[in-house]
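Participant: Here it is, the structure, as structure tokens.
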Number of protein chains: 2
Amino acid sequence: MKTILIVEDDMDVHHLIRELLEKEKFKILDAYSGTESMIILEKEKVDLILLDLMLPGLNGEEMIKKIKEIPIIVISAKIAEKDKVNVLLNGANDYITKPFHKEELLARVKVQLRINENKREDKIIQYKDIILNDTNHSVYIGKNQMTLTKTEYAIMKQLMLKKGQVVAKTKLLEMISGDTEDGDENSLKVHISNIRKKIRKVTEQEYIESVWGIGFKMCE
Amino acid sequence: MKTILIVEDDMDVHHLIRELLEKEKFKILDAYSGTESMIILEKEKVDLILLDLMLPGLNGEEMIKKIKEIPIIVISAKIAEKDKVNVLLNGANDYITKPFHKEELLARVKVQLRINENKREDKIIQYKDIILNDTNHSVYIGKNQMTLTKTEYAIMKQLMLKKGQVVAKTKLLEMISGDTEDGDENSLKVHISNIRKKIRKVTEQEYIESVWGIGFKMCE
DNA sequence: AAATTGGTTAAGAAATCGTTAAAATTTCGT
DNA sequence: ACGAAATTTTAACGATTTCTTAACCAATTT
């Protein structure tokens, strides 16, 4: 999931942008001043910055010069053409004038994220000492690597994401075969059994616990 | 020196843009139709395309979908907001409406070139002892040169860029033939097989690993 | 104790992969 | 514009992997 930092002191505009992007399943970080945004940038991994130029604290232009690694889209009220050009030349990747069309903002956000998407970035799902690496489908349990099939991996991922909470059999079945047919319940049993067997080859500890009549969960 | 392709059928506008960019020491290529531009693209190394949408011959929108590697700035008369958004989502990197300020066009041109500048490290793509050279399509594996066809090279490049992460079959198919048709899955198999065969001629080591049901990746 | 659910195993069915060869398409030189 | 060469796609086959089915026993509930 991509993280976008919104730097904008006007609360109305800030809120508008936030809502727009949240609909698209981006993770949003908020800053209301230049200085605040610099603090956030030190702590969090940010994929894109939406930046208003008129800021309290550190000036927007200064920020653009400082930030080299992350693409920046400047959103600002109409200013002199000359300033707009300067902003672009100094490091901004795009410039959108207020008021803007929501769809256009969204499209330009996606353009910037698309440009950067080829960079390697692992999507890690971790629970206790099990690690799933979504980008290369690898599974580590402690230091031992193991191999899961497509469905086994899918089941495991669901269990991991719930971090110890029960995952209903129906949900798992739905994932496996689209529908919740009766016959597949048998199949699920076997998959779970196979996963456990593979885990047992690597460690003695139990990881998958069954909840009678409901489903399965990761041990706590 | 950077090469920019101007695709614009209006001679006045074309000339205006050409003069503007020549002052900045870019190498300019000219096309006056969609089909013409595709011919040029196959022969010449182009760093950026300035594209008018209303074109004789091949449609501008179609071109955008086809061209994945080169950044495109669309320059066009005011059109519906919806079309503008579509153009961006389909692959264009920027959109400038006519009439435009010369300075802004220039600035946006420089932005796109700058973005690709940062990627230049990737111009020579290296993973383990395989080296792809994008500029002349050559492939070295250790000290042995080998020849890949266009599609084979494209597949290889995707795998290399991901540096050992899985590349989904769908992604590879999308790249090969635009769409994700079923029939092409067969074709992909053959391409992979052919690449492996060519590699085997040069070294015994395995390089391409298949991930069952998901896709392929470079061995780690 | 009977009925239901869970766990394991093994075998058959289904899907995916790898290779080959031929047909269809594109590219290229003349 | 034509035919030759190269490339891509299609089709077929066997090999491999994965998934499902079915049978059987253990555990849990009623």
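The values are calculated or read from the model by the stated rules, or taken from the named source; none is laboratory data. None of the values given here were measured: they were computed from a predicted structure. Backbone-built Cβ (ideal geometry, glycine too); neighbour counts: all protein chains shown.
Participant: Taking the residues in the stretch B:10-36 that are hydroxyl-bearing (Ser, Thr, Tyr) and closer than 16 Å to residue B:75 by Cβ as candidates, determine which candidate is modelled with the lowest pLDDT.
Facilitator: B:33
Participant: Where in the stretch A:1-86 are there strands (runs of 3 or more DSSP E), lying wholly inside it, with at least 1 residues that are more than 25 Å from the chain's Cα centre (by Cα) and more than 20 Å from residue A:110 (Cα to Cα)?
Facilitator: Hits in the stretch A:1-86: A:72-77.
Participant: Against the condition near DNA strand D (Cβ under 9 Å from one of its atoms) and surrounded by fewer than 13 Cβ atoms within 10 Å (Cβ to Cβ), how does residue A:186 come out, does it pass?
Facilitator: Yes, satisfied.
Participant: Mind listing whichever residues of the stretch B:58-94 are at pLDDT below 95 and either among the hydroxyl-bearing types (Ser, Thr, Tyr) or closer than 19 Å to residue A:86 by Cα (or both)?
Facilitator: B:76
Participant: Next up: Any idea which of (1) surrounded by fewer than 20 Cβ atoms within 10 Å (Cβ to Cβ); (2) over 30 Å from residue B:101 (Cα atoms) is the one residue A:148 doesn't satisfy?
Facilitator: The failed condition is (1).
Participant: Only one of A:213, A:164 is in a loop (DSSP other than H, G, I, E, B), within 14 Å of DNA strand D (Cβ to nearest atom), away from every other protein chain (no Cβ under 14 Å) and surrounded by fewer than 17 Cβ atoms within 10 Å (Cβ to Cβ); which?
Facilitator: A:213
Participant: Something else now. Of the residues B:199, B:155, only one is more than 21 Å from the chain's Cα centre (by Cα), within 13 Å of DNA strand C (Cβ to nearest atom), modelled with pLDDT of 90 or more and aliphatic (A, V, I, L, M); which?
Facilitator: The match here is B:199.
Participant: Next question. Name the residue that is farthest from DNA strand D (Cβ to nearest atom), counting only residues in the stretch B:138-159 that are within 14 Å of another protein chain (Cβ to nearest Cβ) and touching a strand residue (DSSP E or B) at 6+ places or on another chain (Cβ under 8 Å).
Facilitator: B:159
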